[in-house]
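The values are calculated or read from the model by the stated rules, or taken from the named source; none is laboratory data. This structure is a prediction, so every number in the text was calculated from the model and none was measured. FYI the Cβ positions are ideal-geometry reconstructions off the backbone, even for glycines, and counts take in every protein chain you see.
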């Protein structure tokens, strides 16, 4: 696949190079937690999905969730990482109220994947970001602050959490936002995470440093508390201005952790940045190392799918779609699958229908889904039903306005287009004899309008056509109606000329 390098944007203040690396955490879509059999579910009654293991009771023993490991290896493979032939777990020691054990089971010395990369679209081009490592760990609980009271929900404690650490290859807040938007699609395509940042199932910390050109990395600042890709961009843009201002004044940027305050549109100091030795990592004594065998790696390989960027480029080439159309269709795997399934039903006419299918999906179909708060997967609209509707339109059995009515009825009644047009009497009137009778009746009922039309008033033509459409219940074929009406008016004019 040919990948061209996208142009660099948002380079910040003149005189400085910007280095941004991301630490992305995704909650894996497993039924149970990483090291116990408690349910991993969002939104349940607080502190109901807990047990002695995830609550950190003394003497309990963790048991590794195989599905979580499998999903972690899948992400590592999709990120072009070197998958570990041996992976093990470590204890990351720190005290915080939402971490009941006072340590986190994580991976430091032997992560699941290292040395990968991912291409992502930005500015109509493609950039590459290197992946430092992919490692599996357990999530902490959730703290809820209400005034001067803090509550803790431990349901999330122990949920499988995969951390993806990038190299500092991103050059602007804009690029970071584009990368995160793409990464959300990436993990949803792999079916390993739902990608909902508002729920915390996808979270991102950013590390940023500035330095003079050619001087390498500067002092790193970590940014936290960003629950949307937009806030990541805004926080990074603020830090570029803050750090470059310090450097311009001859001051030193402190290595620290800062929080994004969305109300002030600024970052604020949280704490001085810890180093790895502050966490006193040591091997987890209660979990043996994991050695993936050929069967396990084969199962991982079988779950690899065509990723969103690869699919976007293929749809452009295979169906002649624009960049914008292919990008829209491939944001969600469900949409891309639906699009290609429609074309498969249409078979030989697929190439000619590609743009039409995109226009319907991006237009009227999306409108119906939004109005009903549905997705394609849980709606009554199947690929075959949309394909049948487009064929009815192509064959001239219905016209555009009727097609939109039929689409709405599919959602309302969960019936096929053929049934609906028969049941509603929607089939288009396109034979000349039937249309002439309708037109002649309208002309007879509107003599004054007919007279004006004969006098050359074009606006009146639209009125007469509208009356024909009304009398036919919207079933008259519009273009043929217009042509026949023009013929009848011209013929009447000729008769009058001869009579004179």
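Only residues that are modelled with pLDDT of 85 or more, more than 15 Å from residue 220 (Cβ to Cβ) and either outside the structural domain of residue 96 (by TED's automatic domain parsing) or not in a loop (DSSP other than H, G, I, E, B) (or both): list them for region 261-284, please.
261, 266, 268, 279, 282, 283
Given the conditions (1) surrounded by fewer than 11 Cβ atoms within 10 Å (Cβ to Cβ); (2) touching a helix residue (DSSP H, G or I) at 6+ places or on another chain (Cβ under 6 Å), which single one is not true for residue 232?
Of everything listed in (1) surrounded by fewer than 11 Cβ atoms within 10 Å (Cβ to Cβ); (2) touching a helix residue (DSSP H, G or I) at 6+ places or on another chain (Cβ under 6 Å), residue 232 misses just condition (1).
Checking residue 427 against (1) part of a helix (DSSP H, G or I); (2) surrounded by fewer than 16 Cβ atoms within 10 Å (Cβ to Cβ); (3) touching a helix residue (DSSP H, G or I) at 6+ places or on another chain (Cβ under 8 Å), which test does it fail?
(1)
Looking only at residues in region 208-232 that are in a loop (DSSP other than H, G, I, E, B) and touching a strand residue (DSSP E or B) at 6+ places or on another chain (Cβ under 7 Å), which one is nearest to residue 177 (Cα to Cα)?
Of everything passing the filter in region 208-232, 226 is nearest to residue 177 (Cα to Cα).
Which condition from (1) within 18 Å of residue 259 (Cβ to Cβ); (2) modelled with pLDDT under 95; (3) buried (at least 20 other Cβ atoms within 10 Å of the Cβ) is the one that residue 204 breaks?
(2)
Inside region 326-396, counting only helices (runs of 4 or more DSSP H) that do not spill past its ends, which hold 3 or more residues that are over 19 Å from residue 421 (Cβ atoms) and in contact with a helix residue (DSSP H, G or I) (Cβ under 8 Å, 6 or more places away or on another chain)?
333-346, 350-360
Looking only at region 87-138, filter to residues that are under 18 Å from residue 68 (Cα atoms) and in contact with a helix residue (DSSP H, G or I) (Cβ under 6 Å, 6 or more places away or on another chain); which one of those is surrounded by the fewest Cβ atoms within 10 Å (Cβ to Cβ)?
112
Tally time: how many residues in region 34-63 are assigned to a loop (DSSP other than H, G, I, E, B) and touching a strand residue (DSSP E or B) at 6+ places or on another chain (Cβ under 7 Å)?
8
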